[in-house]
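This report concerns only the one structure given below.
The numbers here are math on the coordinates, done by the rules we state, and not lab data. Model, not experiment: these values are computed from the prediction. Cβ placement follows ideal geometry from the backbone for every residue including glycine, while neighbour counts extend to all protein chains displayed.
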Amino acid sequence: MSQVGEKSSAPGPQGPVRGKFRILISDRNYNVREFLKREMTEEGYQVETARSTPDILSRIGLRGDPVDLVVLDPELPDQGDIPLLHRLRSKNPYIPIVLHGFQNPLPEQAHQHWVAFVEKSGSNMHALKKRIRKLLATCYPERFRQQCQKQKEEDSNR
């Protein structure tokens, strides 16, 4: 049996183990979305972007190629942050979410290993990357370990 959040071949919310991690980046600002997409692609992730709440919700819970993690701007203009988190949880209760904004919208007790906050600033990219890696390692431990091993092998063959 896999740990909570771990991808497995069992039916249910987990689905099968796949290759690269897929991240959905949502931000109200096109330039921020594209900057984060470029940075995360360079880290080796498959990245999609979303500019609105309906766009995000349409991509969560897809059976064929699901998203593994969401980077969410809590100040999207078409939906408040807390209701959107509840809607995301109803579609996929296991998906890790990084809130990337200017202020933390959640009370401290609301944070858990599935939700994290990183302050949005130009000098905080390292913190965002670190938090994403930590969430992926926590929520998908076996797959994360396999990806790290594969990357080491590719690096040693260069």
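Assorted remarks:
- Annotation: the residues PHE21, PHE102, PHE144, sorted from fewest to most other C-beta atoms within 10 Å of their own C-beta, follow the order PHE102, PHE144, PHE21.
- Other residues whose C-beta falls under 13 angstrom from the C-beta of ARG33 contribute a net charge of -1, scoring Lys and Arg +1 and Asp and Glu -1.
- When each of the peptides 119-130, 28-39, 85-96 is scored by the mean number of other C-beta atoms lying within 10 Å of its residues, the order from highest to lowest reads 85-96, 28-39, 119-130.
- Gyration tensor over alpha-carbon atoms, region 22-156, equivalent ellipsoid semi-axes in Å: 23, 17, 15
- Couplings for region 25-41, taken from phi via the Karplus curve 6.51 cos²θ - 1.76 cosθ + 1.60 with θ = phi - 60°, read 9, 10, 7, 6, 9, 4, 5, 5, 4, 5, 4, 5, 4, 4, 4, 6, 5 Hz in order; Gly and Pro are left as x.
- Net charge contributed by nearby residues that have their C-beta within less than 10 Å of LEU57 (K/R +1, D/E -1): +2
- Cross-link table LYS37/LYS134; LYS37/LYS129; LYS91/LYS129; LYS91/LYS150; LYS91/LYS120; LYS20/LYS150, entries beyond 22 Å C-alpha to C-alpha: LYS91/LYS129; LYS91/LYS150; LYS91/LYS120
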